[in-house]
1. Within the range 90-186, which GluC sites (Glu not before Pro) sit in a loop by DSSP and count at most 10 neighbouring Cβ atoms inside 10 Å?
2. What is the chain's relative contact order, in percent, from Cα pairs under 8 angstrom and six or more apart in sequence?
3. What is the magnitude of the charge dipole of the chain about its Cα centre, with +1 placed on the Cβ of each Lys and Arg, -1 on the Cβ of each Asp and Glu, and no other charges, expressed in debye to the nearest 20?
4. Gain in length, V107 to Y130, computed as 0.36 nm per residue apart minus the alpha-carbon separation, to one decimal in nm?
5. Give me, ordered by chain and number, the residues 5 or more places off D79 or on other chains with an amide H under 5 Å from its own placed amide H.
6. So if R0 is 25 Å, what FRET efficiency would L9 and Y180 give, r being the distance between their Cβ atoms, rounded to the nearest 0.05?
7. What do you get for the angle between helix 61-73 and the principal long axis of the chain? Use alpha-carbon atoms, 0 to 90 degrees, nearest ten.
8. Quick one: pull the percent of accessible area on the range 99-257 belonging to carbon and sulfur, 1.4 Å probe, ligands and nucleic acids left out.
Amino acid sequence: MTTLIIRRLLLMVPLLFLISIVIFGLAKMQPGDTFTGQKLPNVSSKYYEEQREKLGLNDPLYKQYLTWGNKILHGELGDSIRYKRPVMDLVKERMPNTILLGVISLVITYMIAFPLGIISGRKPYSLYDYSIQVLNYLMLAIPSFVAGVFAIYVFAFQLGWFPFSGSVEIGLEQGSLAYYISKLYHAILPGMILGLLSTASYIQFLRNDIIEVSRKDYIRTARSKGLSESKIYNKHILRNSIIPIVTFFGSDVLSVFGGAVITESIFSYPGIGKLLIESIGGKDYPLMMSLLLFFSFLGLLANLISDISYSLVDPRIKSN
């Protein structure tokens, strides 16, 4: 296990290097720069040229990449051009919101997916199974931005149960109980949308795996020995069917951050996803490239977590 972790961590170094080149290239392929289209009538063109020179935007591309890469190696992400603040401060400020959103969505996903997947798998081709399948196809067919807009209209505007934007009520003292309750309250609706739309694939996967495992020879042997159906399902079928689901936890982390990009934008929720969209729209190169590199690192880390969890839940499997 230790060898696996060390080997995969070392492999991340050249991968992140190649990814950083791709990210830098894609960022610089955008037409214009941060100051394009932002010229004010009372500000001369000379001011913008001075700013471009100061920020190194007029330097050759290789020099710009080396400057950025050197900062990354020293643990510095640079300063945001748009916000005039260090990128690390912006990430620290927004990250708790996205983590809270992710935790809520994962809790909702597992709380719904596991029971429905088990019911659908234990009673295949029944009315319960068909009803759950219809729900699955509905979840797979609805785009997240459509579900988000619909949820805002119904639960925020019509019913008034949840706020439709922001992450905390204005005027609350930071660190107080009311402040944290408000934080949780603001994250429930976007977290619910993000979690519900993620349940379909888990329900389907768990259902199919339970059906497949229930047809194995050792299950037939267990039935021939007179074991009760509840014991067969709980001890043999369910245990083996849940193993692949557990390994999805690593990819769940990445999917939460990926889904948050759209969900946070729809709900105007100040998290990492919304920050990434803002950086791309404003051509804020230091912020945009740092966030994209962070998402890439998160993807590599998610794969490592999946491999480790697979080895832990099923010792028969040896990861290399």
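1. E173
2. Across the chain, relative contact order equals 27 percent.
3. About 1040 debye.
4. Stretched out fully, the V107 to Y130 stretch lengthens by 5.8 nm.
5. Here the answer is V87, since their amide H atoms fall under 5 Å of that of D79.
6. After rounding, the FRET efficiency stands at 0.10.
7. The angle comes out near 60 degrees.
8. Looking at the range 99-257 in its full context, I get 68 percent from C and S.
The values are calculated or read from the model by the stated rules, or taken from the named source; none is laboratory data. Just so it is clear, the model here is predicted, and its values are computed rather than measured. Reconstructed Cβ throughout: ideal geometry from the backbone, glycine too, with neighbour counts over all protein chains shown. When the accessible area is computed, the model is the full protein with side chains, heavy atoms only, and any ligands, DNA or RNA have been set aside. Shrake-Rupley method; radii C 1.70, N 1.55, O 1.52, S 1.80 Å.
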